[in-house]
Structures are given as structure tokens and as C-alpha cells.
1. The list [x] 27, 57, 16, 0; [y] 21, 40, 22, 12, 4, 0; [z] 28, 54, 16, 2, 0 gives values of P(r) over Cα pairs in 20 Å bins from 0, in percent, and only one came from this structure; which label was calculated from it?
2. Of Ala65, Val258, Ile317, whose Cα points farthest to the positive end of the dipole of the range 2-421 (charges on the beta-carbon: +1 Lys, Arg; -1 Asp, Glu; origin at the Cα centre)?
3. So how do 290-297, 194-201 stack up, highest first, on mean other-Cβ count within 10 Å?
4. Along the positive direction of the dipole of the chain (beta-carbon charges: Lys, Arg +1; Asp, Glu -1; about the Cα centre), which of Leu12, Ala271, Phe414 reaches farthest?
5. Which aspartates and glutamates, if any, have their Cα less than 17 Å from the Cα of Lys326, not counting same-chain residues under 8 positions apart?
6. Grab the DSSP H runs of the chain that are 4 residues or longer, score each as -39,500 (n - 2.57), total them, divide by all residues and round the 222 nm result to the nearest 500 deg cm²/dmol.
7. GNM, the chain, Cα, under 10 Å: largest mean-square fluctuation among Ala191, Ala347, Ala54?
8. Quick one: among Thr370, Thr334, Thr117, which has the greatest mean-square fluctuation in a GNM of the chain with alpha-carbon springs under 10 angstrom?
Amino acid sequence: MVEVLVTNGPWLILAAALFGFLMAFGIGANDVANAMGTSVGSGALTIKQAIIIAMVFEFAGAYLAGGEVTNTIRSGIIDASYFTHQPELMVYGMISALLAAGVWLVAASWLGWPVSTTHSIIGAIIGFAAVGVGTEVVAWGKVAGIVGSWIITPAISGFIAYLIFQTAQKLIFDTDKPLENAKRYVPYYMAFAAFIMALVTVTKGLRHLGMNFSTLEAYGLSLALAAAIGMIGKVAISRLKFDPKADRDTQFGNVEKVFGILMVATACCMAFAHGSNDVANAIGPLAAVVTIVQAGGEIPDKAPLVWWILPLGAIGIVAGLAILGKRVIATIGTKITHLTPSRGFAAELAAASTVVIASGTGLPISTTQTLVGAVLGVGMARGIAALNLGVVRNIVVSWVITLPAGAALSIVIFTVIRTIMS
């Protein structure tokens with residue numbers, strides 16, 4: 001059946017490119033809220049400012065650090081060797097997976113549900129593989145790990161966010177002189193944030209540029225940057241002119257402004273790291289289709305990227321963010337719990353910390369679930385009544401149905417494509 005790939009190669013690549021763009025569009029619409037949702041919800045940025053900043057940093061991350069080579073099978077979730085004698089099924093499957101995951105992400109974004117783009121494409125890949133070849137193709141142990149991460153990831157990030165928020169309360173907000181204490185302690189938060197963000201960028205962003213640091217080098221570089229940022233922060237905050245005789249509410253407002261500036265910086269780093277990492281969800285299956293078709297049916301472990309694939313993914317992410325991004329940003333930023341800059345900063349820093357922990361331990365995580373867990377942790381610090389439980393319930397339900405929804409859509413589309421092509 002390799003003749004099918006030779007005869008219909010250009011059409012298959014065109015279909016994969018269109019659906020890959022749709023998938024990237026869905027990633028932009030849904031996932032970019034991970035970087036910008038808390039900044040908008042806390043008032044540190046307007047929705048327009050957040051979208052413009054995210055467009056710049058997401059595009060930079062995706063285009064500059066998205067990688068020259070991508071894994072053809074995301075997260076090793078299926079065994080490609082089963083498709084060696086039926087490479088056309090892999091091509092049909094990857095096209096089906098892109099369309100299925102793209103449709104699901106756009107629908108979820110329209111409803112304002114923050115779901116996992118990684119789990120969407122994994123569910124879609126599981127669906128076509130199980131139907132196309134058989135259930136033995138799927139690495140079910142990895143699927144179990146993903147299901148477990150629905151509970152573990154939000155729990156870790158929620159706990160870290162709770163701790164960060166409580167320390168800020170104790171050291172700054174619950175004191176007689178919040179402004180003085182902010183000048184004393186905020187530089188440490190800045191240093192910690194710089195350390196975590198540098199680690200996220202080094203481990204998830206720069207490695208795609210061929211800049212491979214050892215663990216020791218990554219930590220050394222991050223610590224040096226953290227120390228420098230902490231010193232700069234101390235000097236900058238000491239120069240801020242605030243009225244020491246102002247009432248406590250005014251002092252609180254001034255402290256929140258400082259945290260607001262921190263949030264914008266962390267959001268930019270998160271957007272860059274997200275763009276560099278999650279663009280692979282769209283371009284991985286697309287690169288697989290292009291490589292298999294051009295190689296006449298040979299299935300490689302890794303696919304080199306043709307020149308047009310990365311910009312297609314980067315533009316897709318930016319388009320999705322600009323057109324549909326504000327719905328999920330609103331859910332994360334305003335509908336789960338009331339956020340201020342200090343609370344939003346705690347959530348964002350906790351999410352980034354969890355990403356670093358997961359990268360080091362190999363835990364399969366979703367950045368969406370990480371951030372939602374962190375926002376929940378900040379809300380819980382003020383009591384269960386501070387959470388909008390109806391919204392939380394809808395979000396959890398959307399997480400649970402993402403994998404089966406992606407799989408079901410993929411199965412239907414795969415069956416249709418296989419029928420047409422045969």
C-alpha cells in the first residue's frame with residue numbers, strides 16, 4: 001500500500017498541514033492562558049496587553065526554540081514498529097489525530113474550559129492506533145501515568161502556591177509596616193522567581209536551540225541569574241518613592257504594584273517556555289506525515305523539520321491566542337477565585353516550580369492542570385468559600401473527558417479517511 005503514499009503524497013501533506021495549523025490554533029486558544037491568565041485576572045495586565053505580550057513570546061519560543069527535530073510519537077505513547085508494514089495507516093492516523101485534537105481544543109476553548117493540549121493529542125493518537133492496528137500498540141502504563149497526573153500535578157502545584165502565598169501574608173501583608181517589609185523581602189521572591197524561570201527556560205526552551213546544559217550547569221546558571229536579579233530588585237525597590245505615612249490600604253496597593261511587575265516578567269518567561277515546548281503537539285504529527293511520505297513509507301523515531309513546519313505552528317498558536325484566547329484566560333484569571341497580583345504571582349511561581357520538579361522526575365504533566373491547581377491552592381489559602389466550586393467542577397470534568405474525547409473523534413475521522421483512501 002506504499003503506492004498510496006506515492007500517489008496521494010502531496011494531498012496527504014496538505015491535509016496534515018491544514019490540520020496541524022488547526023491544532024496549533026487550538027493550542028494558542030487554550031493553553032496560552034497558562035502564561036497570561038493570572039496576570040489578567042489580577043489586573044497586572046489588560047487582556048489586550050496580555051495577548052500582545054503572549055503573541056511576541058509564544059511566537060519567539062515556538063519559532064526560535066521549537067527544535068529542528070521532533071519526536072514523531074508524542075511521549076512514546078504507541079509503538080511505531082507495529083506500523084512498519086502499514087506506513088499508510090500511520091499517516092492516516094496522524095492526520096486524524098491532528099484534526100480530532102484540533103477540533104476538541106477549539107470546542108473547549110469556545111466553552112472557556114482550560115484542558116490539556118498534550119492529553120488531547122495523546123488521546124487522539126491512542127484512538128487511531130487501537131482501532132487501526134490493535135490495543136497492544138498502546139503503552140497503557142504511560143496512559144495510567146497520565147491519568148494519575150490529573151490528581152498529583154494540581155495537588156503539588158496547589159500546595160506550593162499555598163505555601164508561597166502564606167509566606168507573603170506572614171512576612172508582608174499581616175505586619176504593621178507592609179511597605180517596609182515588602183522592600184526587605186520582595187527581592188528574595190524576585191531571586192526565587194528568576195531561579196525557577198531560568199530553570200524552566202533552560203530545561204524546556206533552550207535545549208531546542210541545541211544549547212544543552214548539564215544539570216549542574218543549568219542550576220549554576222540559574223543561581224547566578226537569581227543572585228543578579230535579587231540584587232537588581234533590591235536596588236530598584238529601594239528607589240521606589242512611597243509615602244511611609246500612607247494608610248495601610250494605600251501601602252497594600254503599593255505592595256501589590258510591585259508584585260504586579262514581577263508577574264509580567266514571570267508571564268513572559270512562561271510564554272516563551274510554553275511556545276518552545278507545546279508547539280511539538282502540533283508539529284510532531286505533521287513532521288511525521290511529511291517524513292513518512294517523503295521517505296516512501298519508512299517510519300523514523302525522530303523527524304527532521306522541513307523549513308515551513310515551525311513557522312506554521314508558531315503562526316497557528318498566535319492566531320488561536322488572538323482570536324479565541326480570551327475565553328480561557330477569563331476562566332483561569334477571574335472565574336475560579338479572586339486574584340490580586342500577589343496571589344497571581346504565587347500561583348504562577350508555583351506552576352513554574354512544579355514544571356521544574358516534573359522535568360527532573362519525568363512526571364507526565366499538563367501545564368494547564370498545573371496552573372489551575374496553583375490557582376486553587378491560592379484560593380484555598382483564603383478558605384473554601386473563596387473558590388467558585390461550579391467552575392472548578394466543570395474544569396475537572398473537562399480534564400477527565402479530554403482523553404476519551406480526543407480518542408473518539410480520532411477513531412471516527414481515521415475510519416472515514418481509511419475508507420476513502422481504500
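1. Comparing each candidate, only [z] matches the computed number.
2. Checking the options against the dipole of the range 2-421, the answer is Val258.
3. 194-201, 290-297
4. Farthest towards the positive end: Ala271.
5. Reachable aspartates and glutamates: Asp31, Glu58.
6. Per the formula, -25500 deg cm²/dmol.
7. Comparing Ala191, Ala347, Ala54 in the GNM, the peak value goes to Ala191.
8. Maximum among the listed residues: Thr334.
Just so you know, all these numbers are worked out from the coordinates, no wet-lab data involved. Just so it is clear, the model here is predicted, and its values are computed rather than measured. With ideal geometry, Cβ positions are generated from the backbone for all residues, glycine too; neighbour counts draw on all protein chains shown.
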